[in-house]
């Protein structure tokens, strides 16, 4: 039997989340959770009565602020979901999951926290009354598929779950979610690779919003969640000039890693593997179309964002790159934070220099950690994140000869001789 | 295939494929990653491939017609063949995970089509993992009947999540079934029979058919008699446990 390619060390990308009113910014890298208070201009020290530092014991995979900004959730490979109050930055609820957690979402009113485990189950926790330890109830399930993203629709009617089997499921969020969500509104089908991220665009003429999804097939698609209809497909990698429209240089080389709506949903920032910068898409809600508005490149620095964040209406996009641990590098928990400001339909967006960043040097110290490393380390980090993502989400393909030999080595066949 | 050519896998007397050339393991792991092509969405299912006489080429002809019956885990296709003549106007499809068994059913259908011109045009089979890809083949409320006949019992508690009837998968079945659509399940394993029944009873979008309705439904009789597994059970004088439920609108929902 051919030896399998050596398994790379599992790494997690650095994550960023911005408070909806830009009161604070959080970065998670590895098991570190770093929060900076932008109003006070100082680092936040988190407190958790029942746990010692670090609060998470393994890679954090998902962080998010609630829509009203009162709650913050962090979860990951240590099978723990922690709900924090953003006023005191103390942990108000800690939930144990049976499996590793891959995505989280908070309902608009802040009553329910949903999280997805690596086996495709979505769980729901009731935060009312806010007890320290809560037992989650199963809400819905994708049959044995890793759920990559969870999102509530802006009107709160639906919970959306995206998975590595190219699927987005739109489920009615019931009045009593603890009994499970049985009514499926639609499936958004059309992606030809794993779906990595979801985001909503809203406009006056369309208050329920349109759904955007990014995928390993290098496209961003626009959907009507009520019917599951595909409205438009934007081949972002081709449009941004990363690949020729006919040339399939490297498959999966330009997977969309994150989506973030900026400026009240008029523009959508897209992070793509291997792109040192971001793509800004504009969404025409009435015509139901997507088009590339701008490509913003990071001049003078190798920076491939692993996660995006923004607070609506500020016109600022926060980006982070980094990785939990990098083989051959002495600095674990690498992270680098950058901001693009002036994102507007007319203006030209500007990449903010480190001295002009909101929160200044203190913020960078808090969120990035102290290690100073050169650009190439961050490129290596982005590459490690990409490899880890491919391993996790892309189905392994075996040539047929290889498959036969694997079959021969099956235990039940060996016994028969 | 020309008639002079001798194909050992086809029986000379009946023209049907011979089962011994299509032996397959009785079980297949539904959790494993699949390496067969999967339809991207229901609109990508090529009806002209499945029902060539009814859909001459894709996008043409009677394009409004959709598949209405799905036999999940159709095995060697006994039920489909019986249903095909009972409901000649309805399109139906069998879904089977095991490659060889699917090949057998394909052969069986095409030989039946040759032997009985004009018949069996409404039946087809697809190799897929229906536990993962049901929504890739059928749209919302598209099906009027779904069949789960003699599914793998998966006795171990650890493997219960591999059962084809489970509380969460019922959500997906409820999605593809029209309101009033019927789900038929039968097994010869009492433990599994109880499991399937309780899953369906506890689901807000299904209600049991009454005795009278079961009597009146011609399909119910086929559950035992038409399938290979059912015949085997009958031969051995075994017991069967069936649960037949209707898709309803949940009581707390108006739409």
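The values are calculated or read from the model by the stated rules, or taken from the named source; none is laboratory data. All values reported here derive from a predicted model rather than from experimental measurement. FYI the Cβ positions are ideal-geometry reconstructions off the backbone, even for glycines, and counts take in every protein chain you see.
Here are the criteria: (1) buried (at least 18 other Cβ atoms within 10 Å of the Cβ); (2) outside the structural domain of residue A:259 (by TED's automatic domain parsing). Tell me which single one residue A:138 does not satisfy.
(1)
For segment A:185-207, check the following and say yes or no: at least one residue is without any contact (Cβ under 8 Å) to a residue 24 or more places away in the chain, closer than 19 Å to residue A:107 by Cβ and surrounded by fewer than 22 Cβ atoms within 10 Å (Cβ to Cβ).
Let us first name the residues in segment A:185-207 that are without any contact (Cβ under 8 Å) to a residue 24 or more places away in the chain, namely A:204.
Subsequent filtering for residues that are closer than 19 Å to residue A:107 by Cβ retains none.
The answer is no; no qualifying residue exists.
Please specify each residue of segment A:39-54 satisfying the condition of being touching a strand residue (DSSP E or B) at 6+ places or on another chain (Cβ under 6 Å) and assigned to a loop (DSSP other than H, G, I, E, B).
The answer is A:48, and nothing else.
For segment B:83-109, give me each residue that is assigned to a helix (DSSP H, G or I), farther than 15 Å from residue B:50 by Cα and under 12 Å from the mean Cα position of the chain (by Cα).
B:83
Scan segment A:379-398 and give yes if some residue there is exposed (fewer than 15 other Cβ atoms within 10 Å of the Cβ) and part of a strand (DSSP E or B), otherwise no.
no
Of the conditions (1) surrounded by fewer than 17 Cβ atoms within 10 Å (Cβ to Cβ); (2) modelled with pLDDT of 90 or more; (3) closer than 30 Å to residue A:398 by Cα; (4) more than 14 Å from chain A (Cβ to nearest Cβ), residue B:105 clears all except one; give me its number.
Failed condition: (1).
Where residues in segment A:154-166 are out of contact with any strand residue (DSSP E or B) (no Cβ under 6 Å at 6 or more places or on another chain) and buried (at least 20 other Cβ atoms within 10 Å of the Cβ), which of them is nearest to residue A:101 (Cα to Cα)?
Of all residues in segment A:154-166, those out of contact with any strand residue (DSSP E or B) (no Cβ under 6 Å at 6 or more places or on another chain) come to A:156-157, A:164-166.
Then keep just the ones that are buried (at least 20 other Cβ atoms within 10 Å of the Cβ); that gives A:164-166.
Working: A:164: 15, A:165: 17, A:166: 19 Å.
Filtering first and then ranking leaves A:164.
Residue A:215: touching a strand residue (DSSP E or B) at 6+ places or on another chain (Cβ under 6 Å), at pLDDT 90 or above and closer than 24 Å to residue A:334 by Cβ, yes or no? Walk me through it before giving the result.
Details: touching a strand residue (DSSP E or B) at 6+ places or on another chain (Cβ under 6 Å): yes; at pLDDT 90 or above: yes; closer than 24 Å to residue A:334 by Cβ: no.
In short, no.
Checking the conditions here, which among B:172, B:207 is within 14 Å of another protein chain (Cβ to nearest Cβ), modelled with pLDDT of 95 or more and part of a strand (DSSP E or B)?
On the way: B:172 fails: part of a strand (DSSP E or B).
Answer to the selection: B:207.
Looking at segment A:78-86, can you tell me whether even one residue there is at positive phi, assigned to a loop (DSSP other than H, G, I, E, B) and within 14 Å of chain B (Cβ to nearest Cβ)?
no
Read through the list (1) within 13 Å of chain A (Cβ to nearest Cβ); (2) touching a helix residue (DSSP H, G or I) at 6+ places or on another chain (Cβ under 6 Å); (3) within 21 Å of residue B:97 (Cα to Cα), then give the number of the only condition that residue B:129 fails.
Only one criterion in (1) within 13 Å of chain A (Cβ to nearest Cβ); (2) touching a helix residue (DSSP H, G or I) at 6+ places or on another chain (Cβ under 6 Å); (3) within 21 Å of residue B:97 (Cα to Cα) is unmet by residue B:129, namely (2).
Please pick out the residue among B:38, B:72 that is within 14 Å of chain A (Cβ to nearest Cβ), in contact with a helix residue (DSSP H, G or I) (Cβ under 6 Å, 6 or more places away or on another chain) and closer than 22 Å to residue B:232 by Cα.
B:72
In segment B:136-160, how many residues are touching a residue at least 60 places away in the same chain (Cβ under 8 Å) and within 11 Å of another protein chain (Cβ to nearest Cβ)?
Number satisfying all stated conditions: 4.
Select from segment A:349-380 the residues that are farther than 17 Å from residue A:321 by Cα, free of Cβ contacts under 8 Å to residues at least 40 places away in the same chain and touching a strand residue (DSSP E or B) at 6+ places or on another chain (Cβ under 8 Å) and list them in ascending order. Steps first, please.
Applying the first criterion (farther than 17 Å from residue A:321 by Cα) to segment A:349-380 yields A:349-350, A:355-356, A:358-362.
Now narrow it down to the ones that are free of Cβ contacts under 8 Å to residues at least 40 places away in the same chain: A:350, A:355-356, A:361.
Of everything in segment A:349-380, just one residue is farther than 17 Å from residue A:321 by Cα, free of Cβ contacts under 8 Å to residues at least 40 places away in the same chain and touching a strand residue (DSSP E or B) at 6+ places or on another chain (Cβ under 8 Å), namely A:350.
Please work out which residue is farthest from residue B:143 (Cα to Cα), limiting yourself to segment B:223-255 and to residues that are loosely packed, with under 12 Cβ neighbours inside 10 Å and within 14 Å of chain A (Cβ to nearest Cβ).
B:252
Which ranges mark the strands (runs of 3 or more DSSP E) fully within segment A:262-311 that have 1 or more residues being in contact (Cβ under 8 Å) with a residue 60 or more places away in the chain and more than 21 Å from the chain's Cα centre (by Cα)?
A:289-297
If you check B:123, B:164, which single one turns out to be touching a helix residue (DSSP H, G or I) at 6+ places or on another chain (Cβ under 7 Å) and crowded, with 22+ Cβ neighbours inside 10 Å?
Working: B:164 fails: crowded, with 22+ Cβ neighbours inside 10 Å.
Just one listed residue meets the conditions, B:123.
At least 3 residues that are within 14 Å of chain B (Cβ to nearest Cβ) in each: list the strands (runs of 3 or more DSSP E) lying fully within segment A:116-223 that qualify.
A:121-126, A:137-141, A:158-163, A:167-172, A:184-189
When you look at residue B:150, is it under 21 Å from residue B:75 (Cα atoms), buried (at least 22 other Cβ atoms within 10 Å of the Cβ), within 16 Å of the chain's Cα centre (by Cα) and at pLDDT below 95, yes or no? Don't jump to the end; show me each part of the working.
On the way: under 21 Å from residue B:75 (Cα atoms): yes; buried (at least 22 other Cβ atoms within 10 Å of the Cβ): yes; within 16 Å of the chain's Cα centre (by Cα): yes; at pLDDT below 95: yes.
In short, yes.
Tell me which residues, restricted to segment A:396-405, are within 14 Å of another protein chain (Cβ to nearest Cβ) and in contact (Cβ under 8 Å) with a residue 60 or more places away in the chain.
A:402
Residues to consider are B:220, B:164; find the one that is within 14 Å of chain A (Cβ to nearest Cβ) and at pLDDT 90 or above.
Criteria check complete, one pass: B:164.
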